[in-house]
Amino acid sequence: MGRPARSRSPATVPPPAATELRSTRISFRSRKIVKTPPAKPLATGAVAPPAPAPAPAPLPPVLPALSSPGEIASALRHLQAADPLLSAVIASTEAPTFAASPSLPAFHSLARSILYQQLATSAADAIYARFLALLPSASAAASAAASDAVTPAAVLALATADLRTIGVSGRKASYLHDLATRFAAGELYDSAVAAMDESELLAELTKVKGVGEWTVHMFMIFSLHRPDVLPCGDLGVRKGVQELYKLKALPKPEELAAMCERWRPYRSVGAWYMWRLMESKSAAAKKKKGNASS
């Protein structure tokens with residue numbers, strides 16, 4: 001029997017040859033290690049993450065038109081409680097009235113507003129009467145039915161020369177024709193205009209030539225009978241507020257809006273009383289002048 005092979009201990013294993021060491025050596029290329037600085041802790045008073053956005057505020061309720069039964073009485077109660085100085089004016093002035101019957105259609109009302117722009121009431125009344133007389137069906141109709149004759153088609157049928165013969169300027173004639181063109185094309189129509197809120201009315205109606213913010217506000221108050229319209233650019237309202245609060249200077253529109261915020265949601269009625277306040281002041285001044293000269 002042959003003798004078994006003797007196992008070598010680790011100490012007796014010969015070292016690998018140099019060539020072997022070179023062949024098994026792993027190449028290593030040094031790399032630059034970028035250290036990331038640790039995150040800084042939040043300092044005291046640091047801004048916390050934003051809270052979730054609150055739910056949108058509910059829209060204010062739509063109030064009835066000022067021509068609705070009892071709405072003027074509600075407006076006067078609110079204004080008297082909200083503003084003691086205005087309450088004194090209300091007590092000394094006859095309450096406003098808004099026609100309970102349907103007002104003029106939107107097209108007719110806007111056309112009338114254009115005719116009345118920058119004219120004394122008596123002069124505007126005369127031109128408006130002559131304007132109705134130019135429309136064949138309106139001239140023969142009773143006043144209650146004449147509004148049905150003021151249509152976009154009827155106005156477009158009137159030449160600029162026809163309108164100039166009754167005292168309408170060439171510029172106003174172009175305004176009337178632009179208004180009629182937009183209604184005839186369906187860009188505007190009575191029911192849509194009546195359903196618009198203030199921002200929509202301002203955006204859409206001011207696209208019409210000659211119709212600005214003041215005209216839209218007057219249309220909203222006196223045709224649509226909207227209760228909460230403040231014509232900040234109206235000189236009469238601004239002078240009325242100056243007189244009411246005894247201000248040294250005429251309030252700017254933004255100042256007027258801030259001061260009349262207490263009148264919400266009946267700023268239309270508050271504005272109406274500012275016009276009456278200035279009328280009464282003018283009448284008192286004329287009376288005093290007449291007494292002094294006599």
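The values are calculated or read from the model by the stated rules, or taken from the named source; none is laboratory data. As the structure is a computational prediction, the values presented were derived from the model and not from experiment. Methodologically, a virtual Cβ is constructed for each residue, glycine included, from the backbone with ideal geometry; neighbour enumeration extends over all protein chains shown. These accessible areas exclude ligands, DNA and RNA; they are computed on the full protein's heavy atoms, side chains included. Shrake-Rupley method; radii C 1.70, N 1.55, O 1.52, S 1.80 Å.
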Search segment 119-132 for residues that are of a type in the set (Val, Ile, Thr) and pair each with any residue that is surrounded by 11 or more Cβ atoms within 10 Å (Cβ to Cβ) when their beta-carbon atoms are under 9 Å apart and the residues are at least 6 apart or on different chains.
-> 127/115; 127/116; 127/119; 127/166; 127/167; 127/168
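Count, please, the residues in segment 209-249 that happen to be in a loop (DSSP other than H, G, I, E, B), within 20 Å of residue 83 (Cα to Cα) and either open to solvent by 20 Å² or more (accessible area, probe 1.4 Å) or not aliphatic (A, V, I, L, M) (or both).
Step one: list which residues in segment 209-249 are in a loop (DSSP other than H, G, I, E, B), which gives 209-212, 223-234, 245-249.
Pick out the ones that are also within 20 Å of residue 83 (Cα to Cα) and you get 227-232, 245-248.
When the remaining residues are screened for being either open to solvent by 20 Å² or more (accessible area, probe 1.4 Å) or not aliphatic (A, V, I, L, M) (or both), the result is 227-228, 231-232, 245-248.
Summing the residues that are in a loop (DSSP other than H, G, I, E, B), within 20 Å of residue 83 (Cα to Cα) and either open to solvent by 20 Å² or more (accessible area, probe 1.4 Å) or not aliphatic (A, V, I, L, M) (or both) in segment 209-249 gives 8.
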When the residues of segment 171-200 are filtered to those that are touching a helix residue (DSSP H, G or I) at 6+ places or on another chain (Cβ under 6 Å) and without any contact (Cβ under 8 Å) to a residue 40 or more places away in the chain, which remaining residue is most open to solvent (accessible area, probe 1.4 Å)?
-> 184
Of all residues in segment 158-170, which are in a helix (DSSP H, G or I) and surrounded by 12 or more Cβ atoms within 10 Å (Cβ to Cβ)?
-> 160, 162, 163, 164
